[in-house]
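The values are calculated or read from the model by the stated rules, or taken from the named source; none is laboratory data. The structure presented is a predicted model; accordingly, all values stated were derived computationally and were not measured. Here the Cβ is made from the backbone with ideal geometry for all residues, glycine too, and neighbour counts use every protein chain on show. When the accessible area is computed, the model is the full protein with side chains, heavy atoms only, and any ligands, DNA or RNA have been set aside. Shrake-Rupley method; radii C 1.70, N 1.55, O 1.52, S 1.80 Å.
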Amino acid sequence: MSHDTLPRPVKTAEEPVEPARTRRRRHWTKRPNPVAGLGSLLWLAVVIIPIYAMISASLTRQDKALGNNALKPPTDPTFANYNTVLHNGFGHFLANTALVAAAVVGIVLVLCVPLAYVAVRTRTVWSTGAFRLFLMGVAIPAQAVVVPLYLMIAKLDLYDSLLAVILPTAAFAMPVSTLILTGTLRDISEDLYEAMALDGASATRMLFQLVIPMTKGGISTVVIYAALQAWNGFLFPLIFTQSDGPRVLTLGLFNYVSQFGVNIPALLASVVLSGIPIFAVYLVARRALVGGLMGVGGK
Amino acid sequence: MPARRGWSRSSPRPYGGAAPHAVWAVPGVLFFVFFAVAPMVLAVYLSFTTWNGLGDPKPVGLANWDKLLRDDRLTQSLTVTVLLTVTSWAFQTVVSLLLGVWAAGRQRNRAILSAIFFVPFLLSSTAIALLFYALLDPNFGVIHQDTLGSTSGAFLAIVFVGGWQFIPFHTLIYQGGARQIPEVLYQAAAIDGAGRYRQFFSITLPQLRNTATTSSVLMIVGSLTYFETVLILTQGGPGTDTAILPYLMYEAGFKSYDFGYASAIATFLVVIATALSLVLVRLTGFGAMRSTREGM
């Protein structure tokens with residue numbers, strides 16, 4: 001790496017238009033790193049094999065599944081297992097989960113956008129204190145508060161309702177959402193605020209005409225992050241709901257274990273089905289999700 | 001991304017016209033305090049009461065704590081929890097650090113591989129636990145032996161499954177961190193004749209210190225809560241060999257209806273989680289945390 005780097009300053013001086021990005025790329029890709037390349041392929045296998053085995057097994061006929069090696073492709077592929085799952089309440093659980101996700105996203109955005117705005121723009125003891133509270137909040141394990149929350153939910157008469165899942169899930173999605181939003185909010189140039197101030201804009205107008213449009217990236221990350229939290233939540237639904245009415249997808253999956261018993265292909269079909277919606281979102285909104293999460297520990 | 005990234009603490013606060021009043025933060029703070037902070041305080045109170053889930057909790061003084069400190073299961077559970085946390089941390093940090101630094105390069109194949117690497121993170125913990133429950137089934141799965149039936153097998157399965165799920169996320173964090181390292185450092189090192197591995201240990205690793213702190217705090221708090229994985233994969237078994245603290249709490253509360261005792265375990269869990277995070281922040285330097293906070 002040393003030898004070919006030496007002449008670069010001269011070269012850059014000769015071609016002053018070379019963009020920063022190209023220069024950066026050159027460093028990282030200058031020479032292949034076989035050890036790292038091999039390691040990444042190894043991890044690819046670790047990631048892909050279980051996913052492949054899951055999809056392949058979910059297409060296997062139940063009577064052929066036992067004793068069969070899950071790594072072998074199914075000889076006689078069938079969608080019967082998917083049919084079984086779809087006829088066992090899957091749609092209902094999916095609708096509940098979608099409702100929870102939408103509500104959690106709504107609550108988080110309405111509460112966290114102003115919070116992040118204050119945390120970045122207003123430097124008072126109170127706003128700094130509030131921001132610290134959310135930084136510490138990242139470290140609160142949900143398990144630790146589930147018993148008192150159970151008492152509170154019961155006293156509020158919310159037990160066995162979707163609200164019992166929505167409210168705590170939203171609260172626990174807030175710390176990371178606030179961190180993501182303050183991250184993007186800080187990237188807004190001070191000049192823009194000054195320009196708007198010259199026009200006599202109020203803080204409210206700046207929120208709607210500057211902050212929200214400029215933090216679209218962060219906002220979409222938060223939307224996906226909060227939706228993912230709601231989508232994946234297990235503990236709160238397990239403990240705060242009981243009947244089929246407010247049952248969400250993760251609990252539905254959990255129940256399939258006892259319901260399907262040894263019908264492992266059906267169980268895996270339900271796992272595949274549960275992943276499809278979120279995978280679709282990922283395909284569409286990959287950039288927003290990945291970009292925002294990257295910033296969480298980065299700077 | 002933009003050229004200007006925040007302002008340093010020492011520089012005078014730039015003024016750009018009307019700033020929002022701190023009151024704007026109140027609804028969010030109240031909501032969070034009500035559903036996350038207040039329950040923590042309530043957990044401490046409940047740990048001094050007896051409550052079976054019906055009626056109202058009744059104060060019993062130190063009885064739950066006394067019972068907790070005499071409980072052999074607590075010692076065992078604490079040992080398993082610590083072992084699981086440390087092993088998971090080591091496994092996830094090594095893999096995601098290497099993958100993240102590698103993925104910070106910008107060729108096309110890296111972008112595609114990184115996209116695939118991220119896929120496990122999209123499945124819920126429940127789905128992932130069920131997937132491995134099926135794949136580890138001795139009659140059905142990939143390995144035709146009773147992995148989950150042996151203590152070490154069950155333990156390693158939980159570590160692996162946790163890593164499989166969360167390494168994508170931490171890889172992303174390290175990838176973001178690695179991309180923030182100023183290129184001039186590498187250029188200077190290259191001029192001084194430092195090779196790739198020397199550069200990794202002398203530049204990349206020290207520069208990723210803040211990233212590692214953030215990632216480690218999230219990992220440690222995360223692995224304290226491998227509840228779904230344990231509940232679905234092993235039910236704390238074989239015997240009680242993988243009954244981590246949150247699982248012990250769940251059993252005490254929602255299986256034995258001893259909510260006072262469960263609250264004592266929960267309080268204990270918070271103390272451990274907070275202490276671990278603080279120790280980690282201190283070990284990696286107070287300045288690290290401050291600048292991480294600054295960056296956020």
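Of everything in the stretch A:249-267 that is within 27 Å of A:Tyr150 (Cα to Cα) and at the interface with chain B (Cβ under 10 Å from one of its Cβ atoms), the residue that is modelled with the lowest pLDDT is A:Val257.
Within the stretch A:128-147, being free of Cβ contacts under 8 Å to residues at least 12 places away in the same chain, in contact with a helix residue (DSSP H, G or I) (Cβ under 6 Å, 6 or more places away or on another chain) and surrounded by fewer than 24 Cβ atoms within 10 Å (Cβ to Cβ) holds for A:Ala139, A:Pro141. Taking residues in the stretch A:221-243 that are surrounded by fewer than 23 Cβ atoms within 10 Å (Cβ to Cβ), and partners anywhere that are assigned to a loop (DSSP other than H, G, I, E, B) and among the aliphatic types (A, V, I, L, M), the pairs with Cβ atoms closer than 9 Å and at least 6 places apart or on different chains are A:Thr241/A:Val248.
Of the residues making up the stretch B:83-98, those that are open to solvent by 10 Å² or more (accessible area, probe 1.4 Å) and not β-branched (Val, Ile, Thr) are B:Leu83, B:Trp89, B:Ala90, B:Phe91, B:Leu97, B:Leu98. For the stretch B:136-172, a residue qualifies if it is at the interface with chain A (Cβ under 10 Å from one of its Cβ atoms), open to solvent by 60 Å² or more (accessible area, probe 1.4 Å) and either of a type in the set (Val, Ile, Thr) or assigned to a helix (DSSP H, G or I) (or both), and the qualifying residues are B:Ile143, B:Phe160. Summed over the stretch A:152-175, the residues that are under 23 Å from B:Glu251 (Cα atoms) and at the interface with another protein chain (Cβ under 7 Å from one of its Cβ atoms) give a count of 3. The helices (runs of 4 or more DSSP H) found entirely in the stretch A:187-241 that carry 1 or more residues being over 25 Å from A:Ala285 (Cα atoms) are A:190-198, A:203-206, A:235-240. Residues in the stretch A:268-292 that are at pLDDT below 90, facing chain B (nearest Cβ under 9 Å) and touching a Gly at 6+ places or on another chain (Cβ under 8 Å): A:Gly291 only. Of all the criteria given as (1) closer than 17 Å to A:Ala53 by Cα; (2) among the hydroxyl-bearing types (Ser, Thr, Tyr); (3) facing another protein chain (nearest Cβ under 7 Å), the one not satisfied by B:Tyr133 is (3). Are any residues in the stretch A:103-127 in a helix (DSSP H, G or I), open to solvent by 10 Å² or more (accessible area, probe 1.4 Å) and either touching a residue at least 40 places away in the same chain (Cβ under 8 Å) or of a type in the set (D, E, K, R) (or both), and if so, which ones? Answer for the stretch A:103-127, where residues must be in a helix (DSSP H, G or I), open to solvent by 10 Å² or more (accessible area, probe 1.4 Å) and either touching a residue at least 40 places away in the same chain (Cβ under 8 Å) or of a type in the set (D, E, K, R) (or both): A:Ala103, A:Val105, A:Ile107, A:Leu109, A:Leu111, A:Val113, A:Pro114, A:Ala119. Among the residues of the stretch B:104-135, those that are surrounded by 23 or more Cβ atoms within 10 Å (Cβ to Cβ), among the aliphatic types (A, V, I, L, M) and in contact with a Ser or Thr (Cβ under 9 Å, 6 or more places away or on another chain) comprise B:Leu123, B:Ala127, B:Ile128, B:Ala129, B:Leu130. Considering the stretch B:176-259, the qualifying helices (runs of 4 or more DSSP H), each wholly inside and each with 2 or more residues that are under 23 Å from B:Ser114 (Cα atoms) and modelled with pLDDT under 90, run over B:196-199, B:209-223.
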